[in-house]
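What follows is a set of notes on a single structure, which appears directly below.
The values are calculated or read from the model by the stated rules, or taken from the named source; none is laboratory data. Quantities reported herein were computed from a predicted structural model and do not represent experimental measurements. Virtual Cβ from ideal backbone geometry, glycine too; neighbours counted across all protein chains shown. Surface areas here come from the heavy atoms of the whole protein model, side chains and all, with no ligands, DNA or RNA. Shrake-Rupley method; radii C 1.70, N 1.55, O 1.52, S 1.80 Å.
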Amino acid sequence: MKKIFLILTLFLNALALPLNEIATTMQTNIDKSLKLLQNNKEDKKQAADEIFKLFNNIIDYKLMAQLSLSQNYSKLSPEEQEKFTLAFESSLKKSFTDKLNLYKDQILKVKNGELKNEKRYFLTTSMIVQGEEKNIIFKFYNNNNNWLIYDVDVLGVSIVQTYRSQFGDILANQGFDSLLEKLENIVIE
């Protein structure tokens, strides 16, 4: 039993992203992602699947789902929370995959990182779009010295806040079952 625990601990630590490795890990993954996009111009779905493999271990989809529902998340049963989290992740990935069609050989570079406090770190990256620099900010939180992405600001707009606004409207007017149905009907082809 001790051996299993030790192996599991070593494996989980190998997946951990320490603070001092965020910028280099992200730039490496971004560079690999851009190369995948350049090499798979005809098959964006395949490129997206490979990109998700690079980033899945450093994105906290569950926390993003919780934040996107705000206080409504805690009102859900554990089963509803699980269903919502899975549907949210699938929807987020579908949205990302759809947006890959907008990619036109842009370069994304890490500019700088800022430790907001001992639990928050913002990594600013830049992309040149039509001759103008645009920023994308990856927001990380400290989860036992494993830094994970909990939100992304794309051109000044928070993904989590955008979803929170959309989901809040649906919850207020149509209820949770309708929201879940809408998310589950977004299928990644």
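List of remarks:
- Kyte-Doolittle at least 1.6, axis length at least 30 Å by Cα - qualifying DSSP helices, the chain: none
- Magnitude of the charge dipole, the stretch 40-81, Cβ model with Lys/Arg +1 and Asp/Glu -1, debye to 20: 100
- Solvent-accessible area, 1.4 Å probe, carbon plus sulfur percent, for the stretch 49-112: 53
- Label-point gap, in nm, between residue 38 and residue 164 - each point 7 angstrom along Cα→Cβ: 3.8
- Other residues lying with their Cβ under 12 Å from the Cβ of residue 109 contribute a combined charge of 0, Lys and Arg counting +1, Asp and Glu -1.
- Result for the chain in a Gaussian network model with C-alpha springs under 10 Å: among 76, 148, 54, the largest mean-square fluctuation is at 76.
- By the helix-only formula, in which each DSSP H run with n ≥ 4 contributes -39500 (n - 2.57) and the sum is divided by residues, the chain has a 222 nm mean residue ellipticity of -17000 deg cm²/dmol.
- Members of 53/83; 32/75; 75/182 lying beyond 29 Å, as alpha-carbon distances in this model show: 32/75
- Between residue 177 and residue 135, the simple label model (points 7 Å from Cα in the Cβ direction) yields a spacing of 4.5 nm.
- Listed residue (92, 162, 51) projecting farthest to the positive dipole end of the chain, Cβ model: 51
- For the chain, the solvent-accessible area works out to 61 Å² per residue, with a probe of 1.4 Å and every protein chain left in place.
- Taking each of 44/116; 35/94; 45/111 in turn, the alpha-carbon distance tops 32 angstrom for 44/116.
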